Amino acid sequence: MAVLDILVYPDPRLKQVSEPVTRFDEELHRFLEDLEETRLAGPAAVGIAAPQVGRFQRIVIVDVSKMRKPVPNHGHLILINPEIIEWEGFAVGREGCLSVPDYTGNVIRAERIRLQAQDPQGELHTWDMEGFEARAVQHEIDHLDGLLFLDRLVSRRNDLFRRKVYRK
Ligand code: NI
């Protein structure tokens with residue numbers, strides 16, 4: 001296992017659109033272990049997407065079960081080729097990102113989503129999610145499409161906040 005280097009804004013590679021995963025093999029599983037180790041290294045993040053470590057494939061890990069303030073969740077999720085198939089409601093919430101270490105921002109996201117994704121064996125699953133877990137998934141899927149939360153701010157002046165220490 002290895003901790004991988006995180007691409008940091010304004011690295012232009014963060015704008016790249018990622019390709020679907022087609023091979024669910026040993027090499028993918030080894031990469032998933034490295035991606036998880038990277039997520040947990042340093043300031044453990046609630047999510048990470050493969051393009052953040054320079055692998056431009058549609059792979060996301062999300063786990064909001066360890067939040068200081070508990071939120072509804074489905075535990076630790078490895079999401080391959082994730083697709084949001086239904087949206088409902090809107091909410092503003094604060095987001096951070098391993099690729100934008102010095103800032104947090106207020107972003108509007110759907111409140112509830114229905115999500116479809118494959119697991120590391122290639123099997124398809126569906127989840128209904130709400131609140132912060134739904135937000136985290138939307139944030140990570142954005143990475144797969146070359147978007148950062150910075151691209152979603154309504155106003156850079158009012159919705160962007162500098163931080164001194166990265167916290168979950
Ligand atoms: Ni991020």
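Laid out as a table, the results:
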| read-out | value |
| --- | --- |
| CD proxy at 222 nm, helix term only [per DSSP H run n ≥ 4: -39500 (n - 2.57); per residue of the chain; nearest 500] | -6000 deg cm²/dmol |
| Trypsin sites (Lys or Arg not before Pro) restricted to segment 56-92 and DSSP loop, no more than 13 other C-beta within 10 Å | LYS66, ARG68 |
| Segment 12-162: relative contact order as a whole-number percent, Cα under 8 Å and 6+ apart | 26 percent |
| Most fluctuating residue given options LEU153, LEU115, LEU144, as computed from a GNM of the chain linking Cα atoms under 10 Å | LEU153 |
| Simple label model, 7 Å out from Cα along Cβ direction - SER155 to ASP119, nm | 4.6 nm |
| Simple spin-label estimate for VAL3 and GLU37 in nanometres, 7 Å along Cα-Cβ | 1.1 nm |
| Antiparallel %, DSSP beta bridges [both residues in the chain], to 5 | 95 percent |
| For segment 59-134 and segment 19-46, distance of Cα centres in Å | 16 Å |
| Fully extended contour minus Cα-Cα distance, from HIS29 to GLU111, at 0.36 nm per residue | 26.4 nm |
| Residues of segment 91-121 with amide N under 18 Å of the 7 Å Cα→Cβ point at MET67 | 91-98, 104-115 |
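Bear in mind that the values in this text are calculations on the coordinates, not laboratory data. Quick caveat: nothing in here was measured; it's all calculated off a predicted structure. Neighbour counts are summed over all protein chains in view; Cβ atoms, including those assigned to glycine, are modelled from backbone coordinates with ideal geometry.
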